[in-house]
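Step one of this worksheet: look at the structure below.
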Amino acid sequence: MTCEDARAQLLDYQRGRLALPAESEVRAHLDGCADCTRDDALEHELTRALEQRLPLHPAPIALKRRLAAQWPTPSTQRSWWRRWRPVLMPALAFAALLMLVTPVLYYERTASRMAGERAGLVAEAVNDHLRVLASQHPLDIESGDVHQVKPWFDCRGRPARRPRPARPRSSGRWTGAST
């Protein structure tokens, strides 16, 4: 970069308006060139003097009115989104919150109801078991006549053989579950 190019870009460099590659080129040139560094310091001092030390006078009212007349007027027609946004945003937020909370509440209530039903079934099974243990003849089954009821399970916990239907023999004796 030449000194002319660097001096032309000093004001933009000081105000941070240069692109990153151009800024790094100017910075590299200022690091190597004493004349341009001195010009940079003078430009910086002049900018500070103009911006801070000189009095600021307000613009005349006639100039302000002329400028205001030239400015484009804002359109009074607002889009439908700008008109409805104050109402729709809270409603949409509430709907989203409701969609997030409803499954959680449903799951909690269903799980607690099912746990209550399970607890009721367990309590009933325990009560039945205690009632059988406390009775005089816990597993006796009364049978009549010559019939006896075989248990469904033998002593090892396996299912017993399926009982045959009872039918009279030719000798007059009944056969079936008791044989």
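Structure values in brief
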{"item": "Given (1) under 46 Å from the mean Cα position of the chain (by Cα); (2) without any contact (Cβ under 8 Å) to a residue 12 or more places away in the chain, index of the condition ARG66 fails", "result": "(1)"}
{"item": "Options ALA41, ALA95, ALA111: the member that is part of a helix (DSSP H, G or I), modelled with pLDDT of 90 or more, more than 30 Å from LEU10 (Cβ to Cβ) and of a type in the set (A, V, I, L, M)", "result": "ALA95"}
{"item": "Pairs, first more than 13 Å from LEU30 (Cβ to Cβ) in segment 8-19, second surrounded by 11 or more Cβ atoms within 10 Å (Cβ to Cβ), C-beta under 6 Å, six or more apart", "result": "ASP12/LEU18"}
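Residue-by-condition table, conditions (1) in contact with a Phe, Trp or Tyr (Cβ under 7 Å, 6 or more places away or on another chain); (2) acidic (Asp, Glu); (3) at pLDDT 80 or above:
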{"site": "VAL122", "(1), (2), (3)": "no, no, yes"}
{"site": "GLU142", "(1), (2), (3)": "no, yes, no"}
{"site": "VAL146", "(1), (2), (3)": "yes, no, no"}
{"site": "LYS150", "(1), (2), (3)": "no, no, no"}
{"site": "ARG156", "(1), (2), (3)": "no, no, no"}
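The values are calculated or read from the model by the stated rules, or taken from the named source; none is laboratory data. Computed from a prediction, not measured in an experiment: that's the story for all the values here. Counting neighbours? That spans all protein chains shown, and the Cβs are built from the backbone with ideal geometry, glycine included.
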